[in-house]
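One structure below.
The values are calculated or read from the model by the stated rules, or taken from the named source; none is laboratory data. What you see is a predicted model, and the numbers here were worked out from it, not measured in a lab. So basically every Cβ, Gly included, is an ideal-geometry build from the backbone, and we count neighbours across all protein chains shown. Side chains included, ligands, DNA and RNA excluded: accessible areas come from the protein's heavy atoms. Shrake-Rupley method; radii C 1.70, N 1.55, O 1.52, S 1.80 Å.
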Amino acid sequence: MKVLRGLDEARAVFTRRRAPQNDQATRRATEEILNRVRDEGDDALRHYSERFDGVRLDELTVPADAFADALGVVPSDLREAIALSARRIRAYYEHQPREGFLQPEAGGLIGQLVRPLERVGCYVPGGSAPLFSTLLMSAVPARVAGVPDIVVATPPRKDGSVAPEILVAAHELGISTVYRVGGAQAIAALAYGTETITPVDKIVGPGNPYVVAAKQLVFGTVGIESLPGPTETLVLADADADPRHVVADLLAQAEHVYAQPVLVTTSEALLSAVEAEIETQLHGLSTAASARESVEERGYAVLVADLDEGMAVANLYAPEHLCLLVRDPWGVLGHVKHAGGIFLGEHSMEALGDYMAGPSHVMPTGATARFSSAINVRDFQKVIPLVNTSAALLKEIGPAAARMARAEGLEAHARAIESRLGVVGSSPHND
């Protein structure tokens, strides 16, 4: 890990995270895929499945009997864990307000109507392992929001099948439509539609750089919840922190490809212990290669004078995951301004949050926690303002509105208001 000292050195390094990543080659390749899928539909999807996934598919949709087969393949203890995770995620999001409001006002009312999206597509990465937990973390909040139609797109395996764990998770959530299509071509199909795939209203879920580029390019045609990049975690630790726990939390994220682990600490002794413990825990770790690369290439340790400076560094970094391994995590919680998720104390490891704690693990990365949030119920709803103005209220506020309209040069706006007030050749309706 590269060592920085103090807020100023951290600022010089971490503010670069806000610079946009312009990989023109990725963008051009993604545009070509999007255009071909839009123009050629299913034929393009089959072409790219053969090219990128090494499988020729006749049917793009997973057949119904594959769900029953998956239930027989996945061990019962894992099925029970998936069910428990789904229940805990649902229970967490059911606490979030899901309704609008109606506020009486001078004989009329103002308010909000809240309506769920009608059709959502969840992208589930495949890669080296099927991330079925991502399906739970994105689809359950959509279910709680009231979305009636949720579909899944995920890359096929070499034999054309979809990982049974993903199908079990889909079955647990009552999702019956799974498309065995991955990559940028899946995003294109969900956005534009093909002969097989009906377009959705919003696409959610992480993916590789091509998936993220595709989500960026189709935004506007379809809703996009975020543009998630590589995972990151920042551990704030004081002298009382157990170095074993610090390293365990850092490596839990470092084992992801391109991850960035960051330690911010008030203690040089802890930093020394952490550096030694990293080697201990990497030994025998099946993902040691990717974890070591993350630590050595993108890992940082920041030594600070006190926890106030430590929190200043954390807020500057705006991490996806903020782990507070300090003596009194509640004492520093009030100073948190920017974080995708907060994990307080040694028993609240972020890895638990990836599967079972309740909140979605789809959280903002790349310092976007400065202005965005983890997936939540509102991501799957529309808020529609409602206005019902009484004659009495119109008489009170209408003239001021008309004055503002004329000040902006919008005479028809002013006349539309005044026509109800009896000012422009019309009698007011005072019912």
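By DSSP, the beta bridges lying fully in the chain are antiparallel in about 30 percent of cases.
Taking every alpha-carbon pair under 8 Å whose residues sit at least 6 apart, the stretch 178-318 reaches a relative contact order of 20 percent.
Test of the criteria: in the stretch 136-207, which GluC sites (Glu not before Pro) are in a DSSP loop and have at most 16 other Cβ atoms within 10 angstrom of their Cβ? Could you put the intermediate results ahead of the total?
Details: sites: Glu165, Glu172, Glu195; in loops: Glu195.
Answer in residue order: Glu195.
Across the stretch 309-416, C-alpha contacts under 8 Å between residues 6 or more apart give a mean separation that, scaled by the residue count, equals a relative contact order of 21 percent. Volume per residue of the convex hull around the Cα atoms, evaluated for the stretch 62-124, comes out as 137 Å³. A Cβ-based charge dipole, computed about the Cα centre of the stretch 9-153 with Lys and Arg at +1 and Asp and Glu at -1, lands at about 800 debye. The value of relative contact order for the stretch 127-173, using C-alpha pairs under 8 Å at least six residues apart, is 56 percent.
Evaluated over the chain, the count of Lys pairs having alpha-carbon atoms less than 26 Å apart is 5 (only pairs 8 or more residues apart or interchain). Sorting 200-206, 238-244 by their mean Cβ neighbour count within 10 Å, with the most densely packed peptide first, gives 200-206, 238-244.
For His347, the accessible surface of its heavy atoms amounts to roughly 150 Å² (probe 1.4 Å, protein chains only, rounded to the nearest 10).
Going by average Cβ neighbours within 10 Å, how do the peptides 306-314, 271-279 rank, with the highest at the top?
Top to bottom by mean Cβ count within 10 Å: 306-314, 271-279.
For the stretch 231-277, the Cα-based Rg and Dmax, in that order, read 10.2, 30 Å.
Let me check something: with ligands and nucleic acids excluded, how do Met404, Met137 order by accessible area (1.4 Å probe), largest to smallest? Show your work: numbers first, answer last.
On the way: Met404 130, Met137 0 Å².
If we order Met404, Met137 from most to least accessible, we get Met404, Met137.
Return the carbon/sulfur percentage of the accessible area of the stretch 156-250, one whole number, probe 1.4 Å, all protein chains in place. Display every interim value, and only then the final one.
Numbers: 1590 of 3230 Å².
Heavy-atom surface of the stretch 156-250 belonging to carbon and sulfur, 1.4 Å probe: 49 percent.
Candidate membrane-span-like segments in the chain, meaning DSSP H helices with Cα atoms spread over at least 27 Å of their own axis and a Kyte-Doolittle mean of -1.0 or above, do not occur, with no membrane implied either way. Of the residues Tyr300, Leu270, Thr280, the one whose Cα sits farthest towards the positive end of the charge dipole of the stretch 267-332 is Thr280 (charges of +1 on Lys and Arg Cβ, -1 on Asp and Glu Cβ, taken about the Cα centre).
Please list Arg28, Arg79, Arg88 from largest to smallest accessible area, probe radius 1.4 Å, with all protein chains kept in place. Please report the intermediate quantities before stating the final value.
On the way: Arg28 145, Arg79 80, Arg88 110 Å².
From most exposed to least exposed: Arg28, Arg88, Arg79.
To the nearest 0.05, how large is the calculated FRET efficiency for Val257 and Ser419 if R₀ is 60 Å and r is the Cβ-Cβ distance? Efficiency for this residue pair is about 0.45.
Here the accessible area of the stretch 332-431 is 57 percent carbon and sulfur, with a 1.4 angstrom probe and all protein chains present.
Express the C-alpha Rg of the stretch 1-134 as a ratio against the empirical globular expectation 2.2 N^0.38 Å, rounded to two decimals.
1.69
For Leu113, nonlocal amide neighbours, meaning residues 5 or more places apart or on other chains whose placed amide H falls under 5 Å from its own, are Ile384, Leu386. For the stretch 254-293 versus the stretch 333-405, the spacing of their alpha-carbon centroids is 34 Å.
For His47 and His283, compute 0.36 nm times the residue count separating them, minus their Cα-Cα distance, and round to one decimal in nm. Don't skip to the answer; put the middle values down first.
On the way: separation 236, 0.36 × 236 = 84.96 nm, distance 4.19 nm.
Stretched fully, the His47-His283 segment lengthens by 80.8 nm.
Per-residue ellipticity at 222 nm from helix content only, as computed over the chain with -39500 (n - 2.57) for each DSSP H run of at least four residues, stands at -13000 deg cm²/dmol.
Protection proxy ranking of 6-15, 102-111, by the mean of other Cβ atoms within 10 Å over each peptide's residues and highest first, is 6-15, 102-111. Surface analysis of the chain yields an accessible area of 48 Å² per residue, using protein heavy atoms and a 1.4 Å probe. Taking the Cα centre of the chain as origin and assigning +1 to Lys and Arg Cβ atoms and -1 to Asp and Glu Cβ atoms, the resulting dipole is close to 1320 debye. Positive-end ranking of Val235, Ala214, Ala289 along the dipole of the chain, with charges on Cβ about the Cα centre, is headed by Ala214. Can you give the log10 of the normalised intensity I(q)/I(0) at q = 0.08, 0.09, 0.11, 0.13 Å⁻¹, computed with Debye over equal Cα scatterers of the chain? For the requested q values the scattering log ratios are -0.56, -0.69, -0.92, -1.13.
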